[in-house]
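J.: This is the structure I want to talk about, given as structure tokens.
The values are calculated or read from the model by the stated rules, or taken from the named source; none is laboratory data. These numbers come from a predicted model, not from an experiment. Don't worry about glycine lacking a Cβ; one is built from the backbone with ideal geometry, like all the others, and counts go over all protein chains shown. These accessible areas exclude ligands, DNA and RNA; they are computed on the full protein's heavy atoms, side chains included. Shrake-Rupley method; radii C 1.70, N 1.55, O 1.52, S 1.80 Å.
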Amino acid sequence: MSVHQPKSKMSRRRLSKRQEFYQSFNTLQMDDDSAMEDSIEIPKKKLYPYLEELFKKKSSARENALRTLVEEFETNVRYEFAEKNFVTLVHRCQNCLKRDSALEIDLALQLIGLVVLTLGAGDNAHEVYEESLVFLPQLLIKSKLSHAVKVMECLSIVTLVGATDFADTERSMEIIWKFMNQESKHPSSVAAAATSAWALLLSGIDRWSVSPKKWKGLIPYLLKQLEEDDEHVNIASIELLALIFENSSIEKFSNQAEEYASTKDMKDGIMEHVKRACNGIKQDASKILEDDYNKTTTLTLGGTRLTFSTWSELKRISYIRRYLGYGFTNHMMENEHLHHVFQFVPATKGSDLELYKPEFEEVVFRVFLPKVRRENCAKRMHMSPSSLLSKGRTKLRNKYRSLAEETRAGVNIADEEVD
């Protein structure tokens, strides 16, 4: 296994402006240095005292409690605590959102997202999602953009985990799209956050679920955003365009579809507009929209390799990685929801590597037969290679063979890492 040496601060300073822009874009094409490290064992804190602190009237006490809870949920997967206390946690966070402290509001929004990400998909996360769709849009209007970035992050994460179907996802997409389309111009950080959040939600749906009418102005909006002289806005816009191209339903995102003879002509027209808008530094980032661009990325976690070959997969993993920060590796190793989303099975390493199988297993099946047929059917039931019993035994042997292969593969991983 190759070892990547992290670049020093000095080498980073020598990068040209073009390289800096391209590196910032490549948060999608992830630098795997930190992800190749093992999960960090950090002692878990007793969280109930901090939960009690959220009821205090003193703002500094609540801020300290929120900060500790955020750090703990970022670093460790506290599923049992979240499952038992998610209602109290979310309600106390809602109370914090009504305060005047900017730090308290931002921490509360972050904690809500982390709690839902810990809970994983299910009734509990959906309950938080339903409540969030009430107070998050209100905060977006009330805060006058001061907390818009955190609101977008919270809404997108809560929806990604808590939405039970496309209708739920579409409700959140409509909230974000309405915000993006406001007449007043948003600060670049807010515009980029909204575009990135919308892209995350689009990454979780298929082309057949996309409404043919609701998002007609999206591509013209993104092309206009590319004319802005801000790299974060440009990156978010190109990233979303890449997802739209991959979705293969470009006509659903533009009100100019009738001007083109075919989808290919429409895509070529959009590419021409992108190339005109992306002069100089932005030219590198626009290359990802080309058909022959190689987007395959490999991430190694605890000896297990994950390969991402679509923009949708890359968007989800990069967004969650940024959201979790230094706790990303621990969550990937221990968070069952992330295991399911990314189809990731962590390898047990070193001397502890062992795949367990029961000491005894047998194949049993029950078939009801009238007495008159039992003697005639007994041989066919027990001896025929196409019988249920024979098929069950074959399946059991294949299971043992698969376990043996996985054991050998695991030992090889451990040996490679020791070397």
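J.: Can you tell me how many residues in the range 42-93 are touching a Phe, Trp or Tyr at 6+ places or on another chain (Cβ under 7 Å) and open to solvent by 90 Å² or more (accessible area, probe 1.4 Å)?
T.: Adding up the residues that qualify gives 0.
J.: Please count how many residues of the range 97-123 are open to solvent by 10 Å² or more (accessible area, probe 1.4 Å), polar (S, T, N, Q) and either at pLDDT 95 or above or touching a strand residue (DSSP E or B) at 6+ places or on another chain (Cβ under 6 Å) (or both).
T.: Final tally of qualifying residues: 1.
J.: Please indicate, with yes or no, whether at least one residue in the range 241-250 is modelled with pLDDT under 85, touching a helix residue (DSSP H, G or I) at 6+ places or on another chain (Cβ under 6 Å) and on the phi > 0 side of the Ramachandran plot.
T.: Yes: the range 241-250 contains one or more residues that are modelled with pLDDT under 85, touching a helix residue (DSSP H, G or I) at 6+ places or on another chain (Cβ under 6 Å) and on the phi > 0 side of the Ramachandran plot.
J.: Just name the residue that is nearest to Arg321 (Cα to Cα) out of those in the range 60-103 that are out of contact with any Leu (no Cβ under 8 Å at 6 or more places or on another chain) and of a type in the set (D, E, K, R).
T.: If we take residues in the range 60-103 being out of contact with any Leu (no Cβ under 8 Å at 6 or more places or on another chain) and of a type in the set (D, E, K, R), then Glu71 is nearest to Arg321 (Cα to Cα).
J.: Among the residues of the range 170-189, write down those that are in a loop (DSSP other than H, G, I, E, B) and open to solvent by less than 50 Å² (accessible area, probe 1.4 Å).
T.: Within the range 170-189, just His186 meets the criteria.
J.: When you check Phe21 against the structure, is it modelled with pLDDT of 90 or more and within 30 Å of Lys315 (Cβ to Cβ), yes or no?
T.: For Phe21, the condition - modelled with pLDDT of 90 or more and within 30 Å of Lys315 (Cβ to Cβ) - is not met.
J.: I'd like the full set of residues that are part of a helix (DSSP H, G or I) and open to solvent by 50 Å² or more (accessible area, probe 1.4 Å), limited to the range 135-159.
T.: Selection gives Gln138, Ile141, Lys142, Lys150, Glu153.
Per-residue answers, yes or no, for (1) at pLDDT 90 or above; (2) under 27 Å from Glu153 (Cα atoms); (3) out of contact with any helix residue (DSSP H, G or I) (no Cβ under 6 Å at 6 or more places or on another chain):
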site: Ile288; (1), (2), (3): no, yes, no
site: Thr304; (1), (2), (3): no, no, yes
site: Leu314; (1), (2), (3): yes, yes, yes
site: Tyr319; (1), (2), (3): yes, yes, no
site: Gly327; (1), (2), (3): yes, yes, no
site: His340; (1), (2), (3): yes, yes, yes
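J.: Please work out which residue is most open to solvent (accessible area, probe 1.4 Å), limiting yourself to the range 283-312 and to residues that are free of Cβ contacts under 8 Å to residues at least 24 places away in the same chain and under 16 Å from the mean Cα position of the chain (by Cα).
T.: Taking the candidates together, the pick is Thr307.
J.: Right, something else. Return the residues of the range 312-328 that are touching a Gly at 6+ places or on another chain (Cβ under 8 Å) and either farther than 13 Å from Val341 by Cα or among the charged types (D, E, K, R) (or both); say none if nothing qualifies.
T.: Arg316, Tyr323
J.: Now for a different question. Going by the conditions given, is Ala167 outside any loop (DSSP other than H, G, I, E, B), open to solvent by 20 Å² or more (accessible area, probe 1.4 Å) and not β-branched (Val, Ile, Thr)?
T.: When the stated conditions are applied, Ala167 passes them.
J.: Looking at Val233, Val151, can you tell me which residue is more than 21 Å from Leu119 (Cβ to Cβ) and β-branched (Val, Ile, Thr)?
T.: Within the list Val233, Val151, the selection yields Val233.
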